[in-house]
Structure formats: structure tokens, C-alpha cells
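Before any comments, here is the structure.
The values are calculated or read from the model by the stated rules, or taken from the named source; none is laboratory data. What you see is a predicted model, and the numbers here were worked out from it, not measured in a lab. Cβ placement follows ideal geometry from the backbone for every residue including glycine, while neighbour counts extend to all protein chains displayed. In case anyone asks, the SASA skips ligands and DNA or RNA and just uses the protein heavy atoms, side chains included. Shrake-Rupley method; radii C 1.70, N 1.55, O 1.52, S 1.80 Å.
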Amino acid sequence: QVQFVESGGGLVQPGGSLRLSCSASGFAFNNYNMGWFRQAPGNQRELVATITSAGVIIYVGDSVKGRFSISRDNAKNTITLQMSSLKLEDTAVYYCNVPLGYSGSSLYASWGQGTQVTVSS
């Protein structure tokens, strides 16, 4: 069974930093692109960033470009999202999955519980 477990979220002030982690299992992690997604209340899920199986970043959303960076550790089946210069509009639940394209769709229908990031002063 495919499983994603996200962690690292929390409450942070605008301008602050946070690092999210995702542990994946149940599929050949090293063969797939991985992505971070987020969903804020009232909004659709959006793709934040994508990293290839080899560790090449191939997508970063315009709204987070220059502030967020995705990475992966294939030996540990994990990906991370380093977030800095956080803004109020970054508030969302953050998820990981295998992205399909760049529109927010995922290969696996199974999602983790996500990790809440709240940016507030």
C-alpha cells in the first residue's frame, strides 16, 4: 500500500522559515518524480514543486519561486521542502505525492494526512 507521511509543519511568523519532511513507502520511490502539494481552505490543491528521481528540480511554482526548495534522499525514501521568507498566503496543508504534470494531479489517489503550515503574525 502506498503511504505518505508528512511532518514538520507548524505556526510561523511572516518572514520565517520551516522545513517539511515526507516519508514515502509502498512503491519504487527511486523511479518516480516526487512533488510537494498544498491546499488552503477554499482553494484547489496546487503543485508547489517537483523533483525528479535523480534529484533535479524541474518545477517550482511562481508563487514560491526563490523562497522554497525541494530535495530528496533516495536512500531514505524521503523528500523535504525548505521554506523561507514565508508569507501569509503560504498558509495551507502541505502534502507529498507523485505529481502528474504540473496542475496539481497526482499518480496515487492515496494521500497522507498532510502537515499544516500556518503563517501568522
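Quick rundown of the values:
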{"item": "Considering residues of the stretch 41-82 that are of a type in the set (A, V, I, L, M, F, W, C) and loosely packed, with under 15 Cβ neighbours inside 10 Å only, the residue farthest from Ser105 (Cα to Cα)", "result": "Ala75"}
{"item": "Given (1) open to solvent by 60 Å² or more (accessible area, probe 1.4 Å); (2) out of contact with any Cys (no Cβ under 8 Å at 6 or more places or on another chain), index of the condition Val5 fails", "result": "(2)"}
{"item": "The one condition in (1) under 21 Å from Gly101 (Cβ atoms); (2) of a type outside the set (Asp, Glu); (3) open to solvent by 50 Å² or more (accessible area, probe 1.4 Å) that Leu11 fails to fulfil", "result": "(1)"}
{"item": "Failed condition for Thr50, given (1) modelled with pLDDT under 95; (2) touching a Gly at 6+ places or on another chain (Cβ under 7 Å)", "result": "(1)"}
{"item": "Filtered residues of the stretch 17-39 (kept if among the small types (Gly, Ala, Ser) and surrounded by 15 or more Cβ atoms within 10 Å (Cβ to Cβ))", "result": "Ser21, Ser23, Ala24, Gly35"}
